[in-house]
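K.L.:
Sharing a structure with you now.
Since every read-out is calculated from the coordinates, none of them should be taken as a lab result. Keep in mind that this is a model prediction, so the values were computed, not measured. Cβ sites come from the backbone with ideal geometry, for glycine too, and all protein chains shown count toward neighbours.
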Amino acid sequence: MVASSSMFFAGCSKLPEIILQSDDQNAGPGSPGPAFSVETVLRAENISKAFDGHVVLRDVSLSVMRGELISIIGPSGCGKSTFLRCLNFLEIPDDGVVTIADDTIRRNRGPWKAKDEAQAHQLRAHVGMVFQSFNLFPHRTVLDNVMLAPRVVKRTSAPVAEAEARDLLDKVGLGAAALRYPGTLSGGQQQRAAIARALAMRPEVMLYDEPTSALDPRMSEEVLGVMRALDEEGMTQIVVTHDMRFARAASDRTVFMEGGGIVESGDPDLMWDNPTDPRTRAFLGSSLR
Amino acid sequence: MISFLIRLALCLASLLPAAGWSAPVRWASDGTSNVPYLFHDPADQSRMAGFENDIVTELGRRIGRDTEFVQNDWDGLIPGLQRGFYEMVIDGIEMTPEHMEALDFSKPYYVTSERIVVRRDQAGLDSFERLGGHTIGTLKDTLAERMLRERADVTLRTYDEESNVFADLRDGRLDAVLIDGPIALYYGEADPMLRLVGPPVGQLSYGIAFRKGANVLLRQKMDAAIESMVRDGSLHRILARWNLWTPEMAEWTGDHAEPAISPDEWTRYLNAIRKSQGMKARMERYVGFLPLIFRGALMTLAVSACAMCLAVLLGMILALLRRYGPGWAGLLAGLYIEVVRGTPLLIQILFIFYGLPAIGVRLSPFVAGVLGLGLNYAAYEAENYRAGLQSVARGQMEAATALNMTHTQALRYVVVPQAFRVVVPVMTNDFISLLKDSSLVSIITLTELSQTYVRLSSTYFDYFGTGLMVGAAYLLLGLPFVRLAKMAERRLAVSERRSVRN
């Protein structure tokens, strides 16, 4: 269980963290993983982004250890979604450096060229993403949704891709819905299918952009359950969310953003019980009520 | 699909001109509405009849070569000759000074005059001088037209089709018709409502037209053959059988004999059109039309289907370029769409068929028709697809990008298939209107449904019954696609309902 290990370093997110690897996710052949490892899997440095002169992000930095579950919270318009989308270059940051695994992209105001897009393509291979509105492909069955990217991008053979897709669907509890079309599923089912779809590309980091905002509480719970299970398997996850209960109970670390920057980050229990910044206190106070 | 392509290729191949020196002499005429020159035998629609047909056959026999008839619209006859589609044109082409400057002519094979035709009850219009103050109809670009133009006291109406001239005379829109002798006889005298009056007006000669400076040897052989036909009286015999031997011919050939030749063909024609008056005869005739209408419908379908394939493909490329391509390509695509949508389809088709040869691009009528329709509809399809692409939510492209698909992969597997569903109903409707617009390719010598209609109806002056038949053929062709459009719309509605439910 990852959450317990980071408790020791509550409020000290800048320090390297020692994380207990609870499974063999990183222990590939030839590199027998140590039982304890200190590994930064994602690092964003000084990310800035403006839309038409309106500054949305100002020098935002965040390092994420392998296996961490990080919740990013904050009021609407604080830039948290934009920050998340900058991590896999769905939004192109104006400035800053993003490193994921061993791929690094530096931005320095220049135009976004085909060469940069090729780099982003490489970097995105490490990242999966889940959207608020699911964005499943409505013209394909759930199974096809999950199989499509491995087939097209990785050229995985159909039988292998299907076997893996069915495994993933079983894992998110949708084994029986494999041949249905997204339009016939409930929102919770669709979001779980979207998670399976992202996992099919074997990402090292999963990004969630308000994954439960469009769902009622019961359906949210289905989705959050899947995310908790992934956390236990050691998946690195970054979640932009309005679900304060989840942010507090499930995350290893909570990041509070406001006005295009990170105000405070650290152990959720400490942040809730004893926020250091008055803005955090105000936000948590209002959202608790 | 593959067998369709093979059939298409065969169809295209058969449209290419045959090569080789021993090929038959290709001669062109407009066999629609062209009694008694050249027309589809009323008794047997698949057989060509007419005095020019008889003359050509005899001329071919005399120079020892087969002859092959090429159908072309009157307006396209000379352009086609200039383009080398065929060696000669025989269609009552007058040997006027203007024509002789632009074309080479054989010796005349027929000399005649203009004649006046009026309604049976009409009196007092029995000479050229007495036409003053009346509305007179004739064919455009004829001696009669030139003579009438000089008469300030005559209201002149010119026509493309003889059958229309006489229809207007019967309906009282014209007071009289001044027209080439053979036409006056076969349309006027043969019609119980009309009659030929007064003395001949003017004099004109028909010659075989060749491209200026081309086929000189063939022309000389034809001259010799015509002379020999005059000498041995065979030209006289042919014309007499058609009741077309004229005092002008006697004058020109010096053959004043009056052999007892019964006007078989004239009588045969009279019987054929009289027989076709009764209801039963009409019905029988309509049944006889069916194979021709079926063939016309096939051609309409082939042209439309090929054009639609082209339009879909090119339209897709244009739409993608416009939305996702580099700036300059999008601009070009936009320009193409504006130009094509801003100019008439008719002009585009004529330009492709008759205009492009000026820069060395010669296309068969079928290919030109498909290109004209396809390039035009591509612009409309492009706009249709653009709307379709816009209807696919932005999130779809993002989801595909996040899954590490390239732009092209995202388009191919995610965006385009979804846009397609939105686009299909519109596309089906477009195909139905393309089916109807394909009637325009009849002007570049393709015998499709509309051309079949003009031809069949003008032979019998029966625009009504034939029109109903051809209209029904169009409806039947379009019906499957109307149903397809309805089905597609229903499916789309269902999938939208599903998404709304959640």
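K.L.:
Gain in length, B:Arg83 to B:Ala152, computed as 0.36 nm per residue apart minus the alpha-carbon separation, to one decimal in nm?
P.N.:
Values: separation 69, 0.36 × 69 = 24.84 nm, distance 3.81 nm.
Separation in residues times 0.36 nm, less the Cα-Cα distance, equals 21.0 nm.
K.L.:
Tell me, in nm to one decimal, what length is gained between B:Val287 and B:Arg61 on full extension, where the rule is 0.36 nm per residue of separation less the Cα-Cα distance?
P.N.:
Values: separation 226, 0.36 × 226 = 81.36 nm, distance 3.51 nm.
Fully extending the segment from B:Val287 to B:Arg61 adds 77.9 nm.
K.L.:
Let me ask you something else. Please compute one quarter of the surface area of the Cα convex hull for the range B:112-203 and express it in square nanometres. Can you show the working numbers first?
P.N.:
Values: hull surface 19.6 nm².
Mean shadow area of the hull around the Cα atoms is 4.9 nm².
K.L.:
Enumerate the lysines that A:Lys80 could reach by cross-link, defined here as Cα to Cα under 25 Å, with residues fewer than 8 away along the same chain left out.
P.N.:
Partners within reach: A:Lys14, A:Lys49.
K.L.:
Please state the charge dipole magnitude for the protein assembly as shown, taken about the Cα centre, from unit charges on C-beta atoms (+1 on K and R, -1 on D and E), reported in debye and rounded to the nearest 20. Provide the component values of the computation, followed by the final result.
P.N.:
Details: 82 positive and 90 negative charges, 266 e Å.
For this selection, approximately 1280 debye.
K.L.:
While we're looking at this one, here's another question. D for the range B:282-501, whole µm²/s, Stokes-Einstein with Kirkwood Rh over alpha-carbon pairs at 25 °C and 0.890 mPa s: what number? Each step should come with its number before you reach the end.
P.N.:
Details: Rh = 19.4 Å.
Stokes-Einstein gives a translational diffusion coefficient of 126 µm²/s.
K.L.:
Just subtract the alpha-carbon distance of B:Thr267 and B:Leu335 from 0.36 nm times their residue separation and send over the number in nm, one decimal.
P.N.:
18.5 nm
K.L.:
In whole Å, how far is the Cα centre of the range B:434-478 from that of the range B:46-103?
P.N.:
Cα centroid of the range B:434-478 versus Cα centroid of the range B:46-103: 25 Å apart.
K.L.:
Okay, moving on. Could you tell me how far the Cα centroid of the range B:111-125 sits from the Cα centroid of the range B:298-362, in Å?
P.N.:
Rounded to whole Å, the Cα centres lie 49 Å apart.
K.L.:
State, to one decimal in nm, how far the label point of A:Ala163 lies from the label point of B:Gln390, with both points 7 Å from Cα in the Cβ direction.
P.N.:
Label-label distance for A:Ala163 and B:Gln390, simple model: 4.8 nm.
K.L.:
In addition: Which residue, B:Leu449, B:Pro417, B:Leu468, has the largest displacement toward the positive end of the dipole of the range B:401-473 when charges sit on each Cβ (Lys, Arg +1; Asp, Glu -1)?
P.N.:
Most positive-ward Cα: B:Pro417.
K.L.:
Would you tell me the mean number of C-beta atoms belonging to other protein chains that fall within 10 Å of each C-beta in A:131-138, as a whole number? Walk me through the intermediate numbers first.
P.N.:
Numbers: counts 4, 1, 4, 3, 11, 3, 9, 11.
Across A:131-138, the average partner-chain Cβ count within 10 Å equals 6.
K.L.:
Go ahead and run the numbers for FRET between B:Arg490 and A:Asp170, Cβ-Cβ distance against an R0 of 35 Å, rounding to 0.05. Numbers along the way, then the final one.
P.N.:
On the way: r = 35 Å, r/R0 = 1.00.
Computed FRET efficiency for B:Arg490 and A:Asp170: 0.50.
K.L.:
Same structure again: How charged is the neighbourhood of A:Leu169? Take every other residue with its Cβ under 13 Å from the Cβ of A:Leu169, and add Lys/Arg as +1 and Asp/Glu as -1. Show your work: numbers first, answer last.
P.N.:
Details: positive: A:Arg166, A:Lys171, A:Arg180, A:Arg192, A:Arg197; negative: A:Asp144, A:Glu162, A:Glu164, A:Asp167, A:Asp170.
That works out to 0.
K.L.:
Let me ask something additional. Report Rg(Cα)/(2.2 N^0.38 Å) for the protein assembly as shown, keeping two decimals. Walk me through the intermediate numbers first.
P.N.:
On the way: Rg = 40.8 Å, N = 791, 2.2 N^0.38 = 27.8 Å.
Ratio of Rg to 2.2 N^0.38 Å for the protein assembly as shown: 1.47.
K.L.:
Can you give me the Cα centroid spacing of the range A:142-176 and the range B:137-160 in angstrom?
P.N.:
Taking the Cα centre of the range B:137-160 as reference, the centre of the range A:142-176 is 79 Å away.
K.L.:
Taking R0 as 41 Å, what FRET efficiency do you get between B:Lys280 and B:Thr135 from their Cβ-Cβ distance, rounded to the nearest 0.05?
P.N.:
Numbers: r = 37 Å, r/R0 = 0.91.
Efficiency, from the Cβ-Cβ distance: 0.65.
K.L.:
I've got another one for you. Give me the mean projected area, in nm² to one decimal, of the convex hull enclosing the Cα positions of chain B. If you can, show how the numbers build up before the last one.
P.N.:
Working: hull surface 120.5 nm².
Averaging across all directions leaves 30.1 nm² for the Cα convex hull.
K.L.:
Over the range A:204-275, what per residue volume does the convex hull of the Cα atoms give, in whole Å³? Kindly include the intermediate steps, with their values, before the conclusion.
P.N.:
Numbers: hull volume 7.1 nm³, N = 72.
Convex hull volume per residue, Cα atoms: 99 Å³.
K.L.:
Here's another thing I want to ask about it. So what's the back-of-envelope 222 nm ellipticity for chain A, counting only DSSP H runs of four-plus at -39500 (n - 2.57) apiece and dividing by all residues, rounded to 500? Let's see the in-between values first.
P.N.:
Working: 10 runs with 103 residues, N = 289.
Roughly -10500 deg cm²/dmol at 222 nm, from the helical runs in chain A.
K.L.:
Of all the Cα-Cα pairs you can form in the range B:150-292, what percent are over 23 Å apart? Could the numbers behind the result be given before it?
P.N.:
Details: 5619 of 10153 pairs.
I get 55 percent for the Cα pairs in the range B:150-292 exceeding 23 Å.
K.L.:
Mind pulling the per residue volume of the convex hull built on the Cα atoms of chain A? Å³ is fine. If you can, show how the numbers build up before the last one.
P.N.:
Details: hull volume 40.2 nm³, N = 289.
Considering the Cα atoms of chain A, their hull volume per residue is 139 Å³.
K.L.:
Against the 2.2 N^0.38 Å scaling, with N counting residues, where does the range B:236-314 land? I'd like the Cα-based Rg ratio to two decimal places. Display every interim value, and only then the final one.
P.N.:
On the way: Rg = 22.8 Å, N = 79, 2.2 N^0.38 = 11.6 Å.
The range B:236-314 yields a ratio of 1.97.
K.L.:
Cβ under 14 Å from B:Asn429's Cβ, B:Asn429 left aside: what net charge do those residues give with Lys, Arg +1 and Asp, Glu -1?
P.N.:
Values: positive: B:Lys436, B:Arg483, B:Lys486; negative: B:Glu381, B:Glu383, B:Asp430, B:Asp437, B:Glu489.
With Lys, Arg at +1 and Asp, Glu at -1, the neighbours total -2.
K.L.:
Can you pull the mean other chain C-beta count within 10 Å for peptide B:404-410? Please report the intermediate quantities before stating the final value.
P.N.:
On the way: counts 16, 7, 5, 2, 0, 4, 1.
Mean partner-chain Cβ count within 10 Å for B:404-410: 5.
K.L.:
Calculated from DSSP H runs of 4 or more alone, at -39500 (n - 2.57) each and per residue, what is the 222 nm mean residue ellipticity of chain B, nearest 500? It would help to have the intermediate numbers written out before the result.
P.N.:
Working: 19 runs with 279 residues, N = 502.
Rounded to the nearest 500, the figure is -18000 deg cm²/dmol.
K.L.:
Something else about it: Would you tally the net charge around B:Ile136, using a Cβ to Cβ cut-off of less than 12 Å, leaving B:Ile136 out, and scoring K and R as +1, D and E as -1? Write down the numbers at each step before the final one.
P.N.:
Numbers: positive: B:Arg130, B:Arg149, B:Arg151, B:Arg157, B:Arg173; negative: B:Glu114, B:Glu145, B:Asp153, B:Asp168, B:Asp175.
Overall, the nearby charge balance is 0.
K.L.:
Size of the dipole of chain B about the Cα centre, Lys and Arg at +1 and Asp and Glu at -1 on the beta carbon, nothing else charged, in debye to 20? It would help to have the intermediate numbers written out before the result.
P.N.:
Values: 51 positive and 53 negative charges, 582 e Å.
Using Cβ point charges on Lys, Arg, Asp and Glu, chain B gives about 2800 debye.
K.L.:
Right, something else. Using +1 at the C-beta of Lys and Arg and -1 at the C-beta of Asp and Glu, which of B:Leu185, B:Thr401, A:Ser251 has the Cα lying farthest in the positive direction of the dipole of the protein assembly as shown?
P.N.:
After comparing all options, I get A:Ser251.
K.L.:
Inverting the mean 1/r over all pairs of different Cα atoms, compute the Kirkwood radius of the range A:141-286 and quote it in Å. Mind showing how you got there, number by number?
P.N.:
Working: mean 1/r = 0.0601 Å⁻¹.
Hydrodynamic radius (Kirkwood, Cα only) of the range A:141-286 equals 16.7 Å.
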